[in-house]
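Q: Take this structure, written in structure tokens, and hold onto it; I'll ask about it next.
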Ligand code: TYD
């Protein structure tokens, strides 16, 4: 479903380590500075279903792809109803760190059909007005995770898996704008901001 509300719905996507959350934050600050009313949010959420998912990331045994798919679907539904749609109704800009493209890419990388996931998501969930996809080599992304964040890669972040995720993201042409994640932070924020402003103008 296309966004029928006055607010602008922007989604940020990319593999783990691509700098997506940093960009989301910088974009949020830049928009606030311009006097725009903005909401920064993310999936999986910290709600009922999102919490189950987050717990499962730490467990030694992963949920099945179908179980994950169902939990992400429920989490998204709740997120839309309780957070995203109310903010869009108020005319705010919603910046969402991960959305249904993540489901296609990550659960697709576990063997489910990404096209089918996208098709179903597009039918049931609200379509974003703009999707910015950070592009980064999976090897580089893992290095950033290991060195930059000083963390061990979790079970979403193994190289083979991330390579599959990246490949599916690459194939999602419809509706996503690719951004070079190796650009300096400031430049990347400026580029992303240009796209958001363009989308805002296109709506008016
Ligand atoms: P995220 O919170 O973005 O990770 P972090 O902030 O630690 O970088 O997302 C956690 C993981 O959830 C991420 O590895 C991707 C995965 N994920 C899916 O597998 N499917 C989905 O639909 C979403 C939204 C996320």
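Throughout, read-outs are computed from the coordinates displayed, never taken from laboratory work. Just so you know, these numbers come straight off a predicted model, no measurement behind them. All Cβ positions, glycine included, derive from the backbone under ideal geometry; neighbour counts span all protein chains shown.
Q: How high is the FRET efficiency from residue 144 to residue 51, r the C-beta distance, R0 25 Å, rounded to 0.05?
A: 0.40
Q: For the chain, what is the mean residue ellipticity at 222 nm derived from helices alone (per DSSP H run of n ≥ 4: -39500 (n - 2.57); sum divided by total residues; nearest 500 deg cm²/dmol)? Write down the numbers at each step before the final one.
A: On the way: 8 runs with 94 residues, N = 204.
Per the formula, -14000 deg cm²/dmol.
Q: Please work out whether the range 88-191 counts as rounded, prolate or oblate from its C-alpha gyration tensor, where a ≥ b ≥ c are the square roots of the eigenvalues and a/c under 1.5 means rounded, while otherwise a/b larger than b/c means prolate and anything else oblate?
A: Verdict is oblate for the range 88-191.
Q: Also, I was wondering about something else. If one computes P(r) from the Cα atoms of the range 8-203, what percent of pairs lie at distances over 24 Å?
A: Distances greater than 24 Å cover 37 percent of the Cα pairs.
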